[in-house]
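Trainee: This is the structure, below, for whatever I ask next.
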Amino acid sequence: MSLANLEHQARTELESCSDEAALRAWHNKYFGKQGEVLLALKKVGSVPPEERRSYGQEANRVKEALTEAHDAALAKVKERALAQSLNAAAVDVTLPGRPLTRGRWHIANRILRDIAAIFSDLGFQIYRSREVEDDFTNFELLNMPPHHPARDMWDTFHTTVPGVLLRTHTSPGQIHVMREHCPEPIRVILPGMCYRYETITTRSEIMFHQVEGLAVGARVTMADLKGTIVAFARRMFGEERQVRIRSSYFPFTEPSIEVDMDCIVCAGKGCSLCKRSGWLEIMGAGMVHPVVLQNGGYDPAKFSGFAFGMGPQRITMLKYAIDDIRQFWTNDLRFLRQF
Ligand code: PHE
């Protein structure tokens, strides 16, 4: 077949290709391994020498022209297919978009951040301490030798490694921070998770946050402790809050106190939230015991300090009238989305 005939035939056939499959077949026929265009190019060797040059040039021109025609046809077919599919499944651009769901802070984290913000304003830094502790720091250095009956206040998860446990409170962090900074003055809060081997009820969980507070320096007094607590309670729960302190006992503070706040629902008159007492318990606290100061590296003759420990989940429950502490880790979005 002459080159002119080849080009004519290929163009005619190309014109009748109406979809991609037909174009593929056409391409294979002319440009495949045994394709006619390639065969025509190879034939240059058998052409008489004086015609070889012009034959070669013409064969290349035909090849390029057909390639170009094929690409144009393919583009047209694709465009048509796209137009068809757009018509078939028309998009209604007037439909409102689907809103993206935005995440938010878990209420437990939000309260921790609120508490941290309040204490930052009061000049406290945040110190993070480990959740896996040793018995020595969780109890002994806090003035509770082995077999001390006060250990019964904290039901403990022990690990299979003797002497290693999950901290039952954030108080061992007091020891870490004191040993790291003595003899400098300290004003820190220590937020974090604590663990207790307890029956889970609406009021107690086996894991919960605590926020420990510690201030150590020359002439730190009970008045400083009280002022700090009052400032915190008022910022957290409102300027009108009243605070009262009762005497209590912790092995690592002396004297020890329990802190109540007038009920945020009835303001002291008595209701179901405060169980008719008019008061809500918000934290334990006291003046750091001389033995604990010493274990932290401070001379109790020169330094004094106060410490407190509160449960932010409890505080959140008061603030939002949540009646079941288990809600915090249940991950029920109906609960979490309220905050
Ligand atoms: N660690 C005590 C508890 O878990 C709370 C506390 C902290 C009391 C600091 C006094 C001082 O009950």
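Trainee: Assigned to a loop (DSSP other than H, G, I, E, B), of a type in the set (D, E, K, R) and either open to solvent by less than 10 Å² (accessible area, probe 1.4 Å) or touching a helix residue (DSSP H, G or I) at 6+ places or on another chain (Cβ under 8 Å) (or both): is that true of Asp299 in this structure?
Mentor: yes
Trainee: Still on this structure, please answer the following. Of everything in region 216-225 that's hydrophobic (A, V, I, L, M, F, W, C) and outside any helix (DSSP H, G or I), which residue is least open to solvent (accessible area, probe 1.4 Å)?
Mentor: Val216
Trainee: So the check is Cβ under 9 Å with 6+ separation or different chains; which pairs have a first residue in region 312-339 that's open to solvent by 40 Å² or more (accessible area, probe 1.4 Å) and a second one that's of a type in the set (Gly, Ala, Ser)?
Mentor: Trp329/Ala108
Trainee: Suppose we keep only residues that are more than 37 Å from the chain's Cα centre (by Cα) and of a type in the set (Gly, Ala, Ser) within region 233-287. Which one would you say is surrounded by the fewest Cβ atoms within 10 Å (Cβ to Cβ)?
Mentor: Ser247
Trainee: Examine region 192-215 for a residue that is within 12 Å of the ligand (Cβ to nearest atom), within 27 Å of the chain's Cα centre (by Cα), outside any helix (DSSP H, G or I) and among the β-branched types (Val, Ile, Thr), and state whether such a residue exists.
Mentor: Yes: one or more hits.
Trainee: So, in region 159-189, how many residues would count as being within 16 Å of the ligand (Cβ to nearest atom) and part of a loop (DSSP other than H, G, I, E, B)?
Mentor: Total meeting the criteria: 5.
Trainee: Oh, and also: Criterion first (buried (at least 18 other Cβ atoms within 10 Å of the Cβ), β-branched (Val, Ile, Thr) and either over 22 Å from Tyr127 (Cα atoms) or touching a residue at least 60 places away in the same chain (Cβ under 8 Å) (or both)) does Thr228 satisfy it?
Mentor: Judged against the criteria, Thr228 is a match.
Trainee: Give the number of residues within region 281-294 that are under 30 Å from Val265 (Cβ atoms) and either at pLDDT 95 or above or away from the ligand (no atom under 16 Å from the Cβ) (or both).
Mentor: So the answer is 4.
Trainee: Can you confirm whether Ile245 is in a loop (DSSP other than H, G, I, E, B) and within 16 Å of the ligand (Cβ to nearest atom)?
Mentor: no
The values are calculated or read from the model by the stated rules, or taken from the named source; none is laboratory data. This structure is a prediction, so every number in the text was calculated from the model and none was measured. When we count neighbours, we look across all protein chains shown, and the Cβ atoms used for this are built from the backbone with ideal geometry, even at glycine. We work out accessible area using only protein heavy atoms, side chains counted, and drop any ligands, DNA or RNA first. Shrake-Rupley method; radii C 1.70, N 1.55, O 1.52, S 1.80 Å.
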